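Written out below as structure tokens is the structure these notes cover.
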Amino acid sequence: MSVIEREATGDQSGRGAAFSGAEGGGELQVVEPLIFAASRRGRRGVRFPAASERASAAAAGQPGIPAAARREVAPGLPEVTELDLLRHFNRLSHLNHAIDLGFYPLGSCTMKYNPKVNEWAARLPGLADSHPLDPAELSQGSLELEWLLAELLKDISGFAAVSLQPAAGAQGELTGLLMTRAYHRSRGEGEQRTTVLVPDSAHGTNPATASMVGYRAVTIRSNERGGIDLDALRGALGDDTAALMITNPSTLGIFEDQIDQVIAAVREAGAIAYMDGANLNAILGRFRPGEAGFDVMHFNLHKTFSTPHGGGGPGAGPVGVSERLAPFLPEPLPLLVAGDADEVRRNAWAGQSTDGARFALEEGGARPHSIGKIRAHTGNFGMFVRAYTYIRSNGAAGLRGVSDDAVLAANYLRVRLADAYELPYDRICKHEVVFSGRRQKREHGVTTLDIAKAILDHGMHPPTIYFPLIVEEALMIEPTETESLETLDRFAALMLDIADRAATDPAALKRAPETTPVGRLDEAAAARRPDLRYVPVRE
Amino acid sequence: MTYTPHTDADREQMLATIGVGSVEDLFADIPPTVRASRFALPDPLTEQEVRAELSRLADRNRIPRVSFLGAGAYRHLVPAVVGEVIGRSEFATSYTPYQPEVSQGTLQSIYEFQSLICELTGMEVATASHYDGATATAEAALMACRLTRRERIAVSTAVDPQVRRVLATYCAGPGIEIVDVPADLADGGTGLTPVDAASRALDDTVACLVAQQPNFFGGIEPMADLADAAHAEGAKLVAVVEPTSLAILAPPGSYGADLVAAEGQPLGIPLSFGGPYVGLMAARMDAVRQMPGRLVGATRDAQGRRGYVLTLQAREQHIRREKAASNICTNQALCALAATTYLTAVGPEGLREVAELSMIQARHTAQALEEAGLGRRRFAAPYFAEVAMQVPNAAARHAALAAHGIVAGHLPERDYPDLRDTLLLAATELTRDADIDGLVAALRATR
């Protein structure tokens with residue numbers, strides 16, 4: 001039974017769709033109609049077999065669904081063929097920019113190449129068809145992979161223990177602060193420690209996470225060199241401080257060169273030192289936060305370890321912790337329950353069988369101080385497969401090279417663009433560099449938004465803009481290690497050309513983009529009169 | 001294998017431009033006392049070597065030849081076309097649509113996803129997705145607390161224990177108290193949440209009642225009555241649902257649910273040892289400004305072209321920082337695209353076929369065990385596609401069957417100590433008659 005009728009008679013354009021997001025302004029044009037526009041009653045994609053006579057007869061003797069609990073009108077899903085579907089989504093895909101199409105220097109997001117062998121691995125039926133609640137004896141491969149990945153992340157970060165469970169960086173932060181609170185409570189300081197210190201350059205997730213845990217976020221200003229102001233930090237630290245959350249390298253792309261003093265001050269105050277691992281891609285093999293004295297860090301597997309960003313997820317945000325926080329990690333952890341850890345690692349690294357070893361998930365309640373479960377099951381396993389594949393492919397030398405080349409590329413662009421754009425913090429950067437477009441704005445009325453839109457007309461993605469908040473008209477460029485010198489030079493040439501055009505023809509930049517499927521969209525209208533869904537026309 | 005393109009000459013040229021002698025100089029700002037002392041990772045592998053390693057791990061898993069395991073994650077057909085769509089680089093290797101002009105593919109697909117979830121649930125607004133069903137439920141419960149300005153929630157014990165554990169973790173943050181509503185799980189009981197028990201747990205300090213339909217044991221809950229009980233105290237009903245069941249079961253919007261959360265994994269997403277999955281969340285429009293997570297809305301450009309943008313961002317962490325509705329940053333866009341593709345590929349008829357086949361095979365399974373004298377249904381109430389069976393020596397037989405590659409469902413005893421000798425058996429459209437025969441034969445061969 002269909003409840004879908006075409007939204008307009010006869011034409012395929014989708015015109016006349018249930019659009020109400022903006023007022024007035026002439027006839028609506030549609031780049032790609034909604035899938036609902038292709039729906040015709042009775043068209044089918046995938047079909048399923050009928051139940052056998054035996055099954056139907058057996059079911060007849062069992063209770064059915066009471067009338068009151070039954071659905072009366074079928075959901076208005078589109079009725080299309082597989083070909084309709086495929087063409088629709090393929091055409092939609094053509095409206096996206098992506099790493100696999102061109103340069104994507106989106107600062108803070110580490111848009112590096114996502115190797116295809118990782119995808120091959122994640123789709124292996126032996127891994128993709130593994131049920132999270134299967135008995136452990138059937139899931140030895142999945143459990144071993146999780147255990148090995150945690151071992152590798154421990155080596156990379158210098159932490160004593162790792163939980164893979166958090167589904168994303170923001171969830172890793174939540175996990176970290178819940179552990180922080182549990183730690184202070186276990187020492188009888190839960191009531192007294194109520195604040196989380198956050199530098200003014202931090203991601204918005206840091207203060208938002210603090211609030212979710214009932215902490216008050218206190219902002220610490222940066223100094224004129226882009227680092228944390230040590231005096232301000234020392235002044236804010238006290239016996240009410242639960243933690244410092246610091247991104248290092250910072251969102252300015254700058255390594256905190258007093259980080260040893262920062263950690264020492266935080267620990268001296270009895271607080272937890274939290275490192276936001278968003279920018280780990282800059283420091284692989286150079287700086288291990290656990291070894292340096294941090295208590296907790298979340299990894300972003302979708303940044304540093306090349307799992308695809310997927311248009312905004314799924315990611316994965318494992319957390320590493322020091323010895324003192326290990327009792328509080330989420331449960332369950334994958335455990336090696338029979339076999340020698342060194343021998344398992346040695347064999348796995350050599351590609352030898354580990355069949356003698358047994359793995360199992362920790363029993364519920366095994367660690368009474370655990371914060372509990374932060375999501376269902378053990379995490380975004382498909383991302384673990386990809387990250388494990390990536391880390392094994394690169395090895396120690398490869399990962400060190402990743403950071404070396406990421407930092408090299410960012411510094412190269414820093415120097416190439418330094419004459420054209422203001423550099424508020426003119427010093428060696430790490431994997432990303434933050435420019436300011438304030439000169440273009442002040443002298444020519446061309447904003448950073450205009451610059452970003454102009455880049456879109458040249459087959460590249462703009463940098464992150466207007467972040468970090470402490471840089472006026474910020475342009476945050478993260479080229480990553482996987483872009484060739486030719487690509488970096490093309491981008492530099494484009495940015496220099498845009499800086500020229502800002503002076504000579506600012507009006508043209510205001511019109512950009514002109515070659516994209518749609519132009520600048522009216523976001524104010526979208527928020528004023530929210531149109532958040534299509535409503536199928538019912539019979 | 002490395003994926004860096006630079007030749008030695010490239011690196012020399014870049015260093016010369018920068019004006020430093022070596023890459024080491026670029027790391028001089030790391031204080032010597034905290035530099036990494038070791039980096040003890042294994043050697044790099046070539047593609048054929050890394051494939052061999054991943055094949056080794058995949059081969060260490062033994063995918064059961066027969067499985068009746070569900071308990072929140074279900075083995076369904078993933079149509080080939082779903083893999084084709086989500087495998088496209090343009091979707092997989094893009095990111096959050098911060099630049100909508102070059103992200104219309106992702107944005108429109110999310111708008112379609114939101115539309116489909118509204119259709120399925122009978123609700124007015126759906127988010128762009130959450131990490132999984134458990135976190136979507138937790139965020140919905142916290143949203144109910146914001147809407148009512150109350151700090152306690154009531155949760156049926158027939159809600160998936162994993163979901164309840166995640167709820168407990170999320171509620172611990174702001175100090176929300178959880179009140180259990182004991183379901184009638186006694187042998188021979190209904191297996192459902194008694195409405196009077198819900199009423200007893202509810203008062204004007206409780207923000208919401210969280211109930212699951214079908215519940216963890218497959219039972220069909222009296223959701224309309226539970227909604228009435230919640231509303232009588234000014235509380236919200238958070239309905240936790242299973243999406244394929246909504247082809248057959250009343251949509252939450254029709255029985256007065258205020259918030260809906262669901263695990264979207266059954267919609268074309270592989271089991272993959274527990275993730276990535278996708279959390280669904282839907283609500284009524286009057287609550288939209290308290291919703292956590294991303295929302296995509298339609299608008300137009302200066303030339304009158306229809307386009308889509310992230311909208312109502314004033315709720316979100318990158319704008320509101322410590323005052324945000326949640327710290328959630330990403331959604332699960334690629335998994336949401338899988339669900340969108342799945343729902344489009346199967347259509348209303350296909351989804352009904354999936355639900356009906358699953359129901360028939362669950363009943364077939366129960367009937368076969370009863371007929372063979374191997375077990376009986378523990379609960380009296382009607383069920384959807386999962387059924388709790390009393391089977392003598394369930395745990396020992398479950399283990400014995402696993403050794404032969406047969407998973408006789410889920411043992412709820414770990415989470416419900418009173419449910420001894422209970423097997424929770426799930427069927428889907430992939431359950432074959434021969435699987436049921438295999439289960440019966442294997443159970444017969446054990447005691």
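The values are calculated or read from the model by the stated rules, or taken from the named source; none is laboratory data. Nothing here was measured: the structure is a model prediction, and the numbers come from that model. FYI the Cβ positions are ideal-geometry reconstructions off the backbone, even for glycines, and counts take in every protein chain you see.
Restricting the search to region A:51-90, which residues are of a type in the set (V, I, T) and facing another protein chain (nearest Cβ under 7 Å)?
Passing the criteria: A:I65, A:V80.
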Output the number of residues of region B:369-407 satisfying the condition of being in contact (Cβ under 8 Å) with a residue 40 or more places away in the chain, in a helix (DSSP H, G or I) and either of a type in the set (D, E, K, R) or touching a Leu at 6+ places or on another chain (Cβ under 9 Å) (or both).
4
Conditions (1) of a type in the set (G, A, S); (2) touching a residue at least 40 places away in the same chain (Cβ under 8 Å); (3) facing chain A (nearest Cβ under 7 Å); number of the one not met by B:G70:
(3)
Would you check if A:E151 is surrounded by fewer than 24 Cβ atoms within 10 Å (Cβ to Cβ) and of a type in the set (D, E)?
yes
Count, please, the residues in region A:194-213 that happen to be part of a loop (DSSP other than H, G, I, E, B) and in contact with a helix residue (DSSP H, G or I) (Cβ under 8 Å, 6 or more places away or on another chain).
3
Among the polar types (S, T, N, Q), under 26 Å from A:S108 (Cβ atoms) and modelled with pLDDT under 95, is that true of B:T135?
no
Among the listed residues B:A345, B:A333, B:A339, B:A366, which satisfies the condition of being at the interface with chain A (Cβ under 7 Å from one of its Cβ atoms), surrounded by 24 or more Cβ atoms within 10 Å (Cβ to Cβ), under 30 Å from A:A526 (Cα atoms) and in contact with a Leu (Cβ under 9 Å, 6 or more places away or on another chain)?
B:A345
Restricting to region A:258-286, and then to whatever is more than 12 Å from A:K430 (Cα to Cα) and in a loop (DSSP other than H, G, I, E, B), can you tell me which residue is farthest from the other protein chains (Cβ to nearest Cβ)?
A:G270
Restricting to region A:408-434, give me the number of residues that are over 23 Å from the mean Cα position of the chain (by Cα) and either under 22 Å from B:P97 (Cα atoms) or within 13 Å of chain B (Cβ to nearest Cβ) (or both).
14
Quick one: would you say B:S245 is over 25 Å from B:I178 (Cβ atoms) and over 20 Å from the mean Cα position of the chain (by Cα)?
no
Might you let me know whether region B:147-155 holds any residue that is surrounded by fewer than 24 Cβ atoms within 10 Å (Cβ to Cβ), within 14 Å of another protein chain (Cβ to nearest Cβ) and under 27 Å from A:Q165 (Cβ atoms)?
yes
For B:H6, are the conditions met, namely being within 26 Å of the chain's Cα centre (by Cα) and either of a type outside the set (D, E) or over 28 Å from A:A150 (Cβ atoms) (or both)?
no
If you go through A:R386, A:R367, the only one that is within 22 Å of the chain's Cα centre (by Cα) and touching a residue at least 12 places away in the same chain (Cβ under 8 Å) is A:R386
Given the residues B:G105, B:G175, which is the only one that is free of Cβ contacts under 8 Å to residues at least 40 places away in the same chain and at positive phi?
B:G175
Any idea how many residues of region A:270-301 are surrounded by fewer than 24 Cβ atoms within 10 Å (Cβ to Cβ) and free of Cβ contacts under 8 Å to residues at least 60 places away in the same chain?
1
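Quick one: which helices (runs of 4 or more DSSP H) sit completely within region A:63-140 and have at least 3 residues that are of a type in the set (A, V, I, L, M, F, W, C)?
Here the list reads A:82-93, A:116-122.
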By my count, helices (runs of 4 or more DSSP H) wholly in region A:287-359 with at least 2 residues that are over 24 Å from the mean Cα position of the chain (by Cα) and charged (D, E, K, R) are A:341-349
When A:K112 is evaluated against the numbered criteria (1) touching a residue at least 24 places away in the same chain (Cβ under 8 Å); (2) more than 8 Å from chain B (Cβ to nearest Cβ), which criterion, by number, is the only one it fails?
(2)
Condition met for A:R392 (assigned to a helix (DSSP H, G or I) and surrounded by fewer than 24 Cβ atoms within 10 Å (Cβ to Cβ)):
no
If we scan region A:210-226, do we find a residue that is touching a Phe, Trp or Tyr at 6+ places or on another chain (Cβ under 9 Å) and within 30 Å of B:G175 (Cβ to Cβ)?
yes
Only residues that are crowded, with 24+ Cβ neighbours inside 10 Å and either among the β-branched types (V, I, T) or without any contact (Cβ under 8 Å) to a residue 24 or more places away in the chain (or both): list them for region B:87-100, please.
B:S94, B:Y95
Taking only region B:25-46 into account, find how many residues are closer than 14 Å to A:D155 by Cα and more than 7 Å from every other protein chain (Cβ to nearest Cβ).
1
Hey, B:A168 hits all of (1) without any contact (Cβ under 8 Å) to a residue 24 or more places away in the chain; (2) under 19 Å from B:A257 (Cα atoms); (3) within 14 Å of chain A (Cβ to nearest Cβ) but one; which does it fall short on?
(2)
Give me a count of the residues in region B:281-296 that are facing chain A (nearest Cβ under 8 Å) and buried (at least 24 other Cβ atoms within 10 Å of the Cβ).
3
Being touching a helix residue (DSSP H, G or I) at 6+ places or on another chain (Cβ under 7 Å) and farther than 18 Å from A:A60 by Cα is the filter; apply it to region B:371-387 and report the residue that is surrounded by the most Cβ atoms within 10 Å (Cβ to Cβ).
B:G375
Residue count, region A:467-492, condition at pLDDT below 95 and of a type outside the set (A, V, I, L, M, F, W, C), comes to 1
Checklist (1) under 17 Å from B:G173 (Cβ atoms); (2) of a type outside the set (S, T, Y); (3) assigned to a helix (DSSP H, G or I) applied to A:E191, failing item:
(3)
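Here is a check on your reading of the model: is A:F36 closer than 29 Å to B:P252 by Cβ, aromatic (F, W, Y) and in a helix (DSSP H, G or I)?
For A:F36, the condition - closer than 29 Å to B:P252 by Cβ, aromatic (F, W, Y) and in a helix (DSSP H, G or I) - is met.
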Would you say B:G307 is surrounded by fewer than 24 Cβ atoms within 10 Å (Cβ to Cβ), over 16 Å from the mean Cα position of the chain (by Cα) and either part of a loop (DSSP other than H, G, I, E, B) or in contact (Cβ under 8 Å) with a residue 40 or more places away in the chain (or both)?
no
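Taking region A:344-358 as the search range and keeping residues that are touching a Ser or Thr at 6+ places or on another chain (Cβ under 8 Å) and more than 9 Å from chain B (Cβ to nearest Cβ), which one is surrounded by the fewest Cβ atoms within 10 Å (Cβ to Cβ)?
As a first pass, look at region A:344-358 and keep what is touching a Ser or Thr at 6+ places or on another chain (Cβ under 8 Å): A:344, A:347-348.
From what's left, more than 9 Å from chain B (Cβ to nearest Cβ): A:344, A:347.
Values: A:V344: 20, A:N347: 18.
For region A:344-358, the residue satisfying everything is A:N347.
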